[in-house]
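Step one of this worksheet: look at the structure below.
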Amino acid sequence: MNTKIFALVTFIYLFSFVLYLISVSSERKKISSVANYVTGLGFLLHAVGLITRWVESHQQGFGYAPLSNFYESLVFFAFSLVAVYFYTARRAKSDAMGVFILPLAFLLMAFASITPGMSSAIEPLIPALQSNWLISHVITCFLGYAGFTLAFALAIIYSLRGTKLGFLCRGISPELTEQLMYTTAAFGFVLLTIGIITGSIWAHYAWGSYWSWDPKEVWSLITWLVYVVMLHSRYVRGWGGKKMAIFALIGFVCVIITYLGVNYLPGLHSYL
Amino acid sequence: MDKKRVALRQVDVLVKFFSSTSLGIFLVLMLAGLSMVGTLVSPVALQAPEGFWGNLAYALNLHDIYHSFLFFVVALLFLVNLILCSLKRLPLAIANYRKKIDTANMGMPPMETVFVDGLSTEIANQRLAKVAKRFERQAGPSQQQAQLFAFDKGRISYLGVYIVHLAVAILTIGAVVSALWGISGQVKIAEGQEVSEVRLSNGTVHDLGFFVRCDKFTVDFYDDQRPKTYRSDVVFTKGNETLAAAIRVNHPAIFGDYSFYQASFGVEEGKAIFTIKDGKGLKKQLKMQEGDVVRFDDNLSITVVRVEANMMNAGPAVNMVLEPKGKHPQTLWLFQNIKEIARDNPGIIERFPAFNPQVLGFYSFDLLGLEDNFYTVLEMRNDPAIAIVAMGGLLLVAGLILVFYYSHRRVWITIEAVNAGISFAIAAKSNKDTIGMTREIELIKDIIRGKQ
Ligand code: HEM
């Protein structure tokens, strides 16, 4: 049942991406607000899907929050992304990020359901995953990743200005772009910090060591350090929005490596 | 005199260098870069370095970069830089924090003017009192400026950065203390066995000063054969102080300064359960594992040498040495399925007397089966930096919230009676977060208009 809901959500996100695209290229405010409603609908269904999955896991007798395997993490990543996007867009009164964020949400959902070998089944948790710290760890990390993804989208908007694709940044001023890039990255940074801390507490209980230089731990530290640099770029003489955008891009690459790349390195965190 | 001044200037230059933000950025990137190298370099390949680059990498400790001298030095430089840089700026932040609320500053043009028709001064004051509730401090109206109200909140945000930097410094120190004085290692304890020493990860043997006994190890499975629970029931004993604990994954046990975590487990050569009968009808059942020695009666001693779950594909077997009094010791390979083996391989017992359960004539042996004997593997840790690191983590989060979700917001409102109503001129200033400030002003306007 839950996978069917997620499939529907996937298509709704694709649809709202198309709407956002039409709205920025035609500069029609109406379409953009329709796109917002469609996204909102998708988001609500997404939440319903997560709750359904949670209930279904209880019905099967395992009863765990749907945050434990690769499939669930992709679905939750997309969910966090749309949540953080919505919050930021409403607060800043600008939908310009929608045209970048919705395709990403769509891709994450599509990747979750069509990748061969990806198990969407609800499966019982092995002992190491039976921890409440897991839940807080996963939620905070993915909200953090979502913040960084937004900063990345804003860095793209920042660099597209004045190019052929400049029409994509019509709905947002350069100052607001820069400011939002900073606040979304800062949000991601705070959440990643909490994510690393809750992860350390969990590791402390599960493996006896709050930090073991496992590749995923190291890459989360690298990501964290890259964003430290980005957050300081205002204070370094002669560094402006451009350097900030560059670090938002580098940081996002680190996020991807932390999330996916280290599956190919040996360690405790591998999803594969 | 001159020398002194030169020396001072040198110190000055050094401090300037070591407190610069650019150096900070460089060191942070350096830490990130070294960490990255650590995940890309294969530790195995560097165990036996080859060629110039291999040897250089080995000399730089790249096979264990996180504990290398280089990493340590960069971390220390980073610590010095962070502390100096923060100390340099701290006084200004404290001054900002201490500053009295600023009533005079209406130098800024009002951002917004709200005119409310038909409003009395009394209600206007009530509404301003409501605005004041959103702030920490209020000043005015004063004698000189009867119409000026000043509000502010969030001065603490000036200190956030320093709390964050302090937290990072504490965490760095914690990491160093942990690396230098923390110990960890794994210990294997079979069911029923007791240990008091642990081999540490650096290879040395550490005396715990107490005993850990494993009474029982259990593993439960889900229906689909995935593991559900690993559990070691252990007892710690130190003098006459004892503590019984069940260690599970995610649920360690703590005894004194040491923590024990469920790390792994295994099945040891099981125990063999067998019976012995002598010619006079005396029968005894024994349970023995490798190395056990038992005296059956005055005339026979038995040593179990090996226990095999599947000997030569012929099922469970025990290898024992039998020592009858006054005779040569005799080896026996006791198979559980000896009847089937003898049936399928006629003459085997004649050719290999050691397979004969009645090899000693007078005695006859019968292997009933093997019993699994679990052992548990516990991870032992004694980390003096846990409290330091925990404090650093808490401070870090608290500081970050202050930095990013608090801002010093100042608002000045001047009221003026115009015709039958009152005009409010609003000016505002924030040390960051202009979006939040804009929302704040919207709220204030609503309050003034009586919509809130
Ligand atoms: C991992 C290490 C570090 C972390 C997590 C960190 C964190 C922060 C944060 C959150 C801010 C506030 C940014 C803002 O207001 O938007 C900040 C500001 C600052 N940091 Fe760091 N920092 C680190 C290392 C350093 C280092 C090594 C230096 C320099 C030498 C440094 C120098 C500064 C300066 C000068 C400011 C501006 C302070 C001000 O507002 O006056 N930081 N840092």
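The values are calculated or read from the model by the stated rules, or taken from the named source; none is laboratory data. No experiment lies behind these values; they were computed from the predicted model shown. Reconstructed Cβ throughout: ideal geometry from the backbone, glycine too, with neighbour counts over all protein chains shown.
Quick notes
- Output for segment A:186-209, where each listed residue is at the interface with another protein chain (Cβ under 8 Å from one of its Cβ atoms), more than 13 Å from the ligand (Cβ to nearest atom) and surrounded by 23 or more Cβ atoms within 10 Å (Cβ to Cβ): A:Ala206
- For segment B:13-23, the candidate set comprises residues that are surrounded by 11 or more Cβ atoms within 10 Å (Cβ to Cβ) and more than 13 Å from chain A (Cβ to nearest Cβ); within that set, the residue that is nearest to the ligand (Cβ to nearest atom) is B:Phe18.
- The single condition among (1) touching a strand residue (DSSP E or B) at 6+ places or on another chain (Cβ under 8 Å); (2) away from chain A (no Cβ under 13 Å); (3) of a type outside the set (Ser, Thr, Tyr) that B:Asn382 does not meet is (2).
- Checking A:Trp213 against (1) modelled with pLDDT of 90 or more; (2) under 28 Å from B:Gly182 (Cα atoms), the condition it does not meet: (1)
- Tally of residues being touching a residue at least 40 places away in the same chain (Cβ under 8 Å) and among the acidic types (Asp, Glu) across segment A:155-201: 1
- Qualifying residue in segment B:190-202 (condition: within 13 Å of chain A (Cβ to nearest Cβ), modelled with pLDDT under 90, away from the ligand (no atom under 15 Å from the Cβ) and buried (at least 19 other Cβ atoms within 10 Å of the Cβ)): yes
- Residue count for segment B:388-441, restricted to those that are assigned to a strand (DSSP E or B) and either more than 14 Å from chain A (Cβ to nearest Cβ) or touching a His at 6+ places or on another chain (Cβ under 6 Å) (or both): 19
- When B:Val212 is tested against (1) farther than 30 Å from B:Lys271 by Cβ; (2) more than 16 Å from the ligand (Cβ to nearest atom), exactly one condition is not met: (1).
- B:Met380 among the aliphatic types (A, V, I, L, M), not in a loop (DSSP other than H, G, I, E, B) and not assigned by TED's automatic domain parsing to the domain that holds B:Ile276: yes
- When B:Gly256 is tested against (1) exposed (fewer than 14 other Cβ atoms within 10 Å of the Cβ); (2) in the same structural domain as B:Glu340 (by TED's automatic domain parsing); (3) touching a strand residue (DSSP E or B) at 6+ places or on another chain (Cβ under 8 Å), just one condition goes unmet, and that condition is (2).
- Cβ separations smaller than 7 Å between residues 6+ apart or across chains give no pair from segment A:212-225 residues that are at the interface with another protein chain (Cβ under 9 Å from one of its Cβ atoms) and more than 16 Å from B:Leu31 (Cβ to Cβ) to residues that are outside any helix (DSSP H, G or I) and β-branched (Val, Ile, Thr).
- Exactly one residue out of B:Glu241, B:Glu268 is of a type in the set (D, E, K, R) and either buried (at least 17 other Cβ atoms within 10 Å of the Cβ) or free of Cβ contacts under 8 Å to residues at least 40 places away in the same chain (or both): that is B:Glu241.
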